[in-house]
2 protein chains.
Amino acid sequence: MPRVTGTKKAILEAALQLAATKGITGTTMDEVAELAGVAKGSVYYNFTNKDQLFEELMEQGVGALAEVLREARSGLHGWSAIEALVDTLLGRIQENSALAKLMAAEMFRTDRAWQKTLFALRHEALGEFAAAIAESAPAAKNNGTSELMASSVFGAVLMGGLEWLVFEPERSREEVAATILQALGGQLRPA
Amino acid sequence: MPRVTGTKKAILEAALQLAATKGITGTTMDEVAELAGVAKGSVYYNFTNKDQLFEELMEQGVGALAEVLREARSGLHGWSAIEALVDTLLGRIQENSALAKLMAAEMFRTDRAWQKTLFALRHEALGEFAAAIAESAPAAKNNGTSELMASSVFGAVLMGGLEWLVFEPERSREEVAATILQALGGQLRPA
DNA sequence: GTCTATATTCTGATAGAC
DNA sequence: GTCTATCAGAATATAGAC
């Protein structure tokens, strides 16, 4: 994947920022062009149509996330791997909250043109969590619930992270990471 | 809150089903009218405009959820209360997956006309989780992270529940509830 | 209360000059 | 590669008959 620069990059960035607050359907190509500082014709020169623009956006974003998670887990095992994944995911949510909002909104949509592409990348990103969970909780591995549990853990970090950034931004990242890990680490259940 | 019946009810139900798959912005008033089996004029007779229709929809849905959670927790404490809340929320997600999808998509939008209304109800629903968590994890209560932890737990159930309904519908509800509770109950962390 | 018909605005997309 | 101008269709909302 060659890195995107120049006009194309500006358009993708503008589209991401707009879609994070207004949603994809609520974002118009006119707005994208204006925020990117180019004419609408240039948007259509770089992307076939609106669907293709947002497909490429999601593909790049989720693809990069999956790669970062893979690196974060490499060499680690069990609870340490889960800690690293949670911390890394939270970091990505902080640095790219626009993409996080977009993912939360799009993750369970089943009517998109790019559904298949997104599903594959989603599966890849969740797979990192599932693998770490299978190591840490053998019971989950045996009855095949690793992926389901991975979704729960991912959801905990995503919702917790967005709660932080949107409603309690005064907290430190360390505090938020620790809080989420406590919720997942059995602190809720008495010994 | 008087229960809504007849035409108004049909319109709200149609709007919910459509918005669950196409999103609110992607749902047109023509489609709502058609699915509800009424003319568009009747939609505008019952609701001032599109925003007001969906505000009422979200208000009813999230309000009912908050009430159900309150009942589920009453009389219970500590981990038992959390178990009951998780199980009840999962049940609501199963029975009303359309609303669950809508909530996931709308929860962190900050540009909606009805943002304030939704925020208050969201806070109310999360408050049930936060209260149970404050009892169960005194540390969270002391440093004021109960609400943040509540968001994480809510996110775990919501994402886990939707993963189940959208991607692994062959599983039983009991199995899903147990899996999510394991993730939250410290099964991931070695003793 | 419900309908049909219509006004008006918005939006995705294209054509063609530079 | 980028721009301006423009079209065709869609979407919100209203008016007025029944």
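In table form, for the structure just shown:
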item	result
Any chance A:A178 is of a type in the set (G, A, S), within 22 Å of B:S136 (Cβ to Cβ) and open to solvent by 10 Å² or more (accessible area, probe 1.4 Å)	yes
Search result, residues across region B:100-119 that are more than 17 Å from A:M159 (Cα to Cα), more than 10 Å from every other protein chain (Cβ to nearest Cβ) and open to solvent by 20 Å² or more (accessible area, probe 1.4 Å)	B:A113, B:Q115, B:K116, B:T117
Some residue of region B:5-20 being open to solvent by 20 Å² or more (accessible area, probe 1.4 Å), over 11 Å from the mean Cα position of the chain (by Cα) and of a type in the set (V, I, T)	yes
Tally of residues being open to solvent by 20 Å² or more (accessible area, probe 1.4 Å) and touching a residue at least 40 places away in the same chain (Cβ under 8 Å) across region A:60-71	2
Residues of region A:137-169 satisfying the condition of being touching a Ser or Thr at 6+ places or on another chain (Cβ under 7 Å) and either modelled with pLDDT under 95 or more than 7 Å from chain B (Cβ to nearest Cβ) (or both)	A:A140, A:L165
Answer residue from region A:1-17, given it is among the polar types (S, T, N, Q) and within 14 Å of DNA strand D (Cβ to nearest atom) and is farthest from the other protein chains (Cβ to nearest Cβ) among those	A:T5
Contacts under 7 angstrom Cβ, first residue in region A:18-45 being within 9 Å of DNA strand D (Cβ to nearest atom), partner outside any helix (DSSP H, G or I), 6 or more apart	A:A33/A:A39
Only listed residue being surrounded by 16 or more Cβ atoms within 10 Å (Cβ to Cβ) and over 17 Å from B:G186 (Cβ atoms), chosen from A:L184, A:L188, A:L158	A:L158
Odd one out for A:L89, checked against (1) open to solvent by 10 Å² or more (accessible area, probe 1.4 Å); (2) more than 9 Å from chain B (Cβ to nearest Cβ)	(1)
Which numbered condition A:S97 misses (of (1) away from DNA strand D (no atom under 16 Å from the Cβ); (2) among the hydroxyl-bearing types (S, T, Y); (3) without any contact (Cβ under 8 Å) to a residue 12 or more places away in the chain)	(3)
Number of the condition not met by A:E31 [criteria: (1) assigned by TED's automatic domain parsing to the domain that holds A:L102; (2) open to solvent by 40 Å² or more (accessible area, probe 1.4 Å); (3) among the charged types (D, E, K, R)]	(1)
Among (1) away from chain A (no Cβ under 14 Å); (2) touching a residue at least 40 places away in the same chain (Cβ under 8 Å), the one test that B:D51 misses	(1)
Matching residues, region B:32-53, being more than 14 Å from DNA strand C (Cβ to nearest atom) and closer than 23 Å to A:A113 by Cβ	none
Residues of region A:138-153 classified as over 14 Å from B:W164 (Cα atoms) and either open to solvent by 10 Å² or more (accessible area, probe 1.4 Å) or under 17 Å from the mean Cα position of the chain (by Cα) (or both), total	5
Residue within region B:168-176 that is in contact (Cβ under 8 Å) with a residue 40 or more places away in the chain and under 19 Å from the mean Cα position of the chain (by Cα) present	yes
Among the residues listed as A:S97, A:S74, A:S172, A:S80, the single one being farther than 17 Å from A:G185 by Cα, surrounded by fewer than 22 Cβ atoms within 10 Å (Cβ to Cβ) and within 11 Å of another protein chain (Cβ to nearest Cβ)	A:S97
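The values are calculated or read from the model by the stated rules, or taken from the named source; none is laboratory data. Note that this is a predicted model, so its numbers are computed, not measured. All Cβ positions, even for glycine, are placed from backbone atoms using ideal geometry, and neighbour counts span all protein chains on display. Side chains included, ligands, DNA and RNA excluded: accessible areas come from the protein's heavy atoms. Shrake-Rupley method; radii C 1.70, N 1.55, O 1.52, S 1.80 Å.
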